[in-house]
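Heads up, the thing below is written out as structure tokens.
The values are calculated or read from the model by the stated rules, or taken from the named source; none is laboratory data. Since we're looking at a predicted model, the values are computed, not measured. Cβ placement follows ideal geometry from the backbone for every residue including glycine, while neighbour counts extend to all protein chains displayed.
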Amino acid sequence: MLIASTWWQAALAAVLIPIMPPDVVERSSRSGADVRALVALGPRVTGTSAAEQAAAYLTAQYREAGYTTEVQTFTYPKFEDLGSSLSAAGERLTGRALSGSLAASPTALLVAVPGVGQPADFEKASVKGAIVVVRRGQIPFLAKARNATAAGAVGLVIVNSEPGELYGTLGGEVAIPVLALSGKRGSPLLVNSEQAPTRAGLVVDTRKRTITGRNVIAHLPGISRPDVLLGAHYDSVPDAPGANDNASGTAVVLELARRLAGTTLADRVWFVAFDGEEDGLQGSRDFVNRAESAWVKGLKGMLNFDMVGINDKLLVGGSSPLVAVAQAADSTVSPFRDNGLSDHRSFTAQGVPALFFYRGQDPNYHKPGDTSVNPKLLEATTEVGLEVVRRLVATSQQDALAQPLVRSKRMLAGGALFSHHQVLLPGQSWNAGCSTPTWSWLQQPCAGA
Ligand code: BES
Ligand code: ZN
């Protein structure tokens, strides 16, 4: 962050700030202050008081900028690992319960099964009543767990075949506890227990809680059908203060609201700070599901800002026509392949064109080190966002004008009253030459009108 913490940074700031136009300094420091305020609350994990305070902060800021706000709450079940491990041969190996696992703590023989947990693999060892160990890969976790259960195992340990910890989801109900171990901790088990099975204690301590999330929605009073929706998630993962992911995008959307306030463009936009993104796009999915389908279909675009506070290059992904609009708005932005890993996916899933603003990989992604961003990059992102909104609203106005209009008149012909209809394009007026009496609609605009 542009904070002067040493004498030379203070000196540099003293030289640089006066040469930046005062309004730019003010705006970027406003966004910087928003990020600092959100980060100061601690990790904004959905359902915690820090997240609730963040929603209150955003509500206050949008109101101060002249918008009406609404906090839309939603709930979802969340699986939590309270500390799971495998103890064998006097050693306790910490692991991660697979999401959806049964919570149980059996003590039994530990048997390594050669392979990845296919039904045939379990026939090669005596696994009835045992805790079995298999390698990750080839078949889904759920299939491994169900095959182990069918073979009579009382617990399953899956050893990661890729570097690092394995955070997995079963994606279905299982009747035994399932633990994942990193390759580093788990690989020796695959070798050792193949030779001499030992007794082991498996602990899978989990719970399922109902989480309440809060989307903060802001728009001008009376604006019920926006053309453009600007969104960013404000929640973060546990242990990460989420400066870049995603106080940065949240601050950009808020600053866009401040900059648009007082312009006619503000009549065409809604702003949403989404919650529950880190738990699987929960907030945006709830928002889209709750809205009427005609409302969702009426959106010309959803602009999502996620991780826009570090790295110089601004990347844009999503639907090609919108990527083209962004490139026309600013020639320095680069298209990138959208990974669909953020809230815009909830909108594209319903056919809404979306644009995803992102600045590339962050070494502090989901880590305690995600504590600061560069406010100048927030300001630069805001400028591009603003120009994209201008262009989208302008084209949607042209589209509205380009809608053919059907005019009807009743006319007397041969003593009887007939209805005449004409399809008129913008700028066209009623053409008597086209009005032969008819009961049917003229499908095409009248030629030569
Ligand atoms: N900000 C990230 C999305 C992201 C990650 C964008 C990397 C671009 C590159 C987001 O908050 C996130 O962490 N998403 C999850 C997936 C989501 C569906 C829960 C992720 O990437 O694991
Ligand atoms: Zn994230």
The range 41-56, residues that are surrounded by fewer than 19 Cβ atoms within 10 Å (Cβ to Cβ) and among the hydroxyl-bearing types (Ser, Thr, Tyr): Thr48, Ser49
The range 87-104, residues that are within 19 Å of Gly171 (Cα to Cα), in a strand (DSSP E or B) and among the small types (Gly, Ala, Ser): Gly95, Ala97, Ser99, Ala104
Members of the range 231-263 found to be of a type in the set (A, V, I, L, M) and assigned to a helix (DSSP H, G or I), listed by number: Ala243, Ala247, Ala251, Val252, Val253, Leu254, Leu256, Ala257, Leu260
Residues within the range 240-259 that are within 12 Å of ligand 2 (Cβ to nearest atom) and either surrounded by fewer than 24 Cβ atoms within 10 Å (Cβ to Cβ) or at pLDDT below 95 (or both), tallied: 1
Unique match (being more than 15 Å from ligand 1 (Cβ to nearest atom) and in contact (Cβ under 8 Å) with a residue 40 or more places away in the chain) among Val296, Val316: Val296
Test: residue in the range 320-334 that is surrounded by 21 or more Cβ atoms within 10 Å (Cβ to Cβ), within 13 Å of ligand 1 (Cβ to nearest atom) and under 16 Å from Leu230 (Cβ atoms): no
Single residue of Leu202, Leu229 found to be of a type outside the set (Val, Ile, Thr), more than 16 Å from ligand 2 (Cβ to nearest atom), surrounded by 24 or more Cβ atoms within 10 Å (Cβ to Cβ) and within 20 Å of the chain's Cα centre (by Cα): Leu229
Considering residues of the range 269-286 that are under 20 Å from Val35 (Cα atoms) and of a type in the set (A, V, I, L, M) only, the residue surrounded by the most Cβ atoms within 10 Å (Cβ to Cβ): Ala273
Ala257 more than 16 Å from ligand 1 (Cβ to nearest atom) and either closer than 30 Å to Asp399 by Cα or touching a Ser or Thr at 6+ places or on another chain (Cβ under 7 Å) (or both): yes
Single condition Asp205 does not satisfy, out of (1) modelled with pLDDT under 95; (2) closer than 22 Å to Ser87 by Cβ: (1)
Neighbours by Cβ (under 9 Å, 6+ apart or cross-chain): first from the range 128-149, outside the structural domain of Ile176 (by TED's automatic domain parsing); second part of a loop (DSSP other than H, G, I, E, B): none
Some residue of the range 290-305 being among the hydroxyl-bearing types (Ser, Thr, Tyr) and either at positive phi or surrounded by 21 or more Cβ atoms within 10 Å (Cβ to Cβ) (or both): no
Wholly enclosed strands (runs of 3 or more DSSP E) of the range 152-228 bearing at least 1 residues small (Gly, Ala, Ser) and over 30 Å from Trp270 (Cβ atoms): 155-159, 178-181, 198-203
Any strands (runs of 3 or more DSSP E) falling wholly within the range 280-390 and containing at least 3 residues that are within 23 Å of Arg259 (Cβ to Cβ) and in contact with a Gly (Cβ under 6 Å, 6 or more places away or on another chain): 354-358
Sole exception among (1) assigned by TED's automatic domain parsing to the domain that holds His344; (2) outside any helix (DSSP H, G or I); (3) buried (at least 20 other Cβ atoms within 10 Å of the Cβ) for Ala266, by number: (2)
Candidates Val272, Val228 - the one that is in the same structural domain as Gly385 (by TED's automatic domain parsing), touching a Leu at 6+ places or on another chain (Cβ under 7 Å), within 16 Å of ligand 1 (Cβ to nearest atom) and not acidic (Asp, Glu): Val272
